[in-house]
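S.K.: For reference, the structure I am asking about is given below.
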Amino acid sequence: MQAKNDIRNINEDELAGFVDESGEKSYRKGQVLDWLWKKGAVSWDEMKNIPSDFRKKLSGKYEIRPLEVAGTEISADGTRKLLFRMHDGNFTEGVLIPSAGRTTACISTQAGCPLKCAFCATGQHGFKRNLDPGEIFDQFILLNRLSAETAGRPLSNLVLMGMGEPFLNISSVLKALGYISSPQYLNFSPSRITVSTIGIPEKIIQAADSQFPYQLALSLHSSIPEVRNEIIPAASRYPLQELQQAMAFFTRKTQKPITVEFLLLKGVNTSLREAESLVKYCSRFSSKINLITYNEVPGLPFKKPAEDEVAQFLAYLKKKNMVATLRRSMGSDISAACGQLANRSKLVK
Ligand code: SF4
């Protein structure tokens, strides 16, 4: 027997065709979409305004494959890391980060990651597969619910900075974000959604050309080719100059600055030469720089920089009038901080 597809993987035209073939009125399509992408239904039984014989036809052809929360860990700073189990037994992770007046969800776009950045726990555990649109959407729903329960307010920000490189799974990412941000569905402002990438020039240009409504963050971590290629081996395929041109094109076209993420690794990318190079690199496009101090990952050789190393780096950027901040790392005690997601065995119930 042929395996059923998750109904959230099909497009709206296919759903319209199925409604028609089933002899149903065309408005049923809108009702099904509402249940899936507005009310977050995870079973056919919830779809009360859909006649039971049509629900039976739907379930004969399609499945709904919701994410299941397989474990939670809570940091001393209130950050919560959730482990999600998928229908095929693969796992992915999401993080809820509460801070003064806002709650941010960090979600994943892949199970594992094929890019193998040298400092990142996720990259060391290999790549399993791309997430489906529904699996990306469900992380938002589950973390939004958790935010309401634990912080007493819905999510204020969404970042795609968890496991995986979003631009390597862009069709699922755009589909999920489309429903999350559409006024007709979850109506979460696209300006509060940030997609973070290691920087694939061709994809960034395509995004700019297609009026990408979300914020873009570039995980740069070094603007010196030999250093960047060492810590992000996949970056050797995307020359820094080409990436810089793509960033300039994006900011011109969308009129939005790019957040440049710079993870400070002791003795690797904290030199004055790096700071000078970063200023020069970012001068070609509108940017704001986020410095992040590294959280050590067991088994990896990288170390957290000393406070004065970080302070000097930041001071240089400020002296050169760059918009730069030092981002406080959250959740490092539960391996929920940047580059630490992958420690799933501790979480499984
Ligand atoms: S830092 Fe991001 S892109 Fe690099 S391996 Fe980790 S998850 Fe993948």
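The values are calculated or read from the model by the stated rules, or taken from the named source; none is laboratory data. The model shown is predicted, which means the values in this text are computed figures rather than measured ones. Virtual Cβ from ideal backbone geometry, glycine too; neighbours counted across all protein chains shown.
S.K.: Which of the residues that make up segment 125-139 are closer than 14 Å to E165 by Cα and within 10 Å of the ligand (Cβ to nearest atom)?
M.R.: Correct list: F127 only.
S.K.: Does segment 72-85 contain any residue that is assigned to a helix (DSSP H, G or I) and either surrounded by 15 or more Cβ atoms within 10 Å (Cβ to Cβ) or of a type in the set (S, T, N, Q) (or both)? If you could, list the steps in order and put the result at the bottom.
M.R.: As a first pass, look at segment 72-85 and keep what is assigned to a helix (DSSP H, G or I): none.
For segment 72-85, residues assigned to a helix (DSSP H, G or I) and either surrounded by 15 or more Cβ atoms within 10 Å (Cβ to Cβ) or of a type in the set (S, T, N, Q) (or both): absent.
S.K.: Another question, if that's okay. Out of everything in segment 215-233 that is closer than 21 Å to S171 by Cα and within 16 Å of the ligand (Cβ to nearest atom), what residue ends up being surrounded by the fewest Cβ atoms within 10 Å (Cβ to Cβ)?
M.R.: Residues of segment 215-233 that are closer than 21 Å to S171 by Cα, as a first pass: 215-219.
Then drop every residue that is not within 16 Å of the ligand (Cβ to nearest atom), which leaves 216-219.
Working: L216: 23, A217: 20, L218: 23, S219: 24.
The extreme case among them is A217.
S.K.: Count, please, the residues in segment 198-214 that happen to be surrounded by 21 or more Cβ atoms within 10 Å (Cβ to Cβ) and either within 16 Å of the ligand (Cβ to nearest atom) or not in a loop (DSSP other than H, G, I, E, B) (or both).
M.R.: 5
S.K.: While we're on this one: If you check A105, A41, which single one turns out to be surrounded by 15 or more Cβ atoms within 10 Å (Cβ to Cβ) and touching a residue at least 24 places away in the same chain (Cβ under 8 Å)? Spell out the reasoning first.
M.R.: Values: A41 fails: touching a residue at least 24 places away in the same chain (Cβ under 8 Å).
The match here is A105.
S.K.: Working carefully through the options S189, S171, find the one that is within 24 Å of P98 (Cα to Cα) and of a type outside the set (V, I, T).
M.R.: Details: S171 fails: within 24 Å of P98 (Cα to Cα).
None of the others qualify; the one that does is S189.
S.K.: Still on this model: Could you say whether any residue in segment 154-171 is touching a residue at least 24 places away in the same chain (Cβ under 8 Å), acidic (D, E) and surrounded by fewer than 22 Cβ atoms within 10 Å (Cβ to Cβ)?
M.R.: Looking for residues that are touching a residue at least 24 places away in the same chain (Cβ under 8 Å), acidic (D, E) and surrounded by fewer than 22 Cβ atoms within 10 Å (Cβ to Cβ), one finds none in segment 154-171, hence no.
S.K.: Mind checking whether some residue in segment 234-241 is surrounded by fewer than 17 Cβ atoms within 10 Å (Cβ to Cβ) and more than 16 Å from the ligand (Cβ to nearest atom)? Outline the logic, then answer.
M.R.: Step one: filter segment 234-241 for residues surrounded by fewer than 17 Cβ atoms within 10 Å (Cβ to Cβ), giving 236-237, 239, 241.
This time we only want the ones that are more than 16 Å from the ligand (Cβ to nearest atom), so: 239, 241.
So far as segment 234-241 goes, yes, one or more of its residues are surrounded by fewer than 17 Cβ atoms within 10 Å (Cβ to Cβ) and more than 16 Å from the ligand (Cβ to nearest atom).
S.K.: Got a sec? Which of E165, E135, E93 is within 14 Å of the chain's Cα centre (by Cα) and more than 26 Å from V268 (Cβ to Cβ)?
M.R.: E135
S.K.: Can you name the condition, by its number, that N130 falls short on among (1) over 18 Å from L67 (Cβ atoms); (2) at pLDDT 95 or above?
M.R.: Failed condition: (1).
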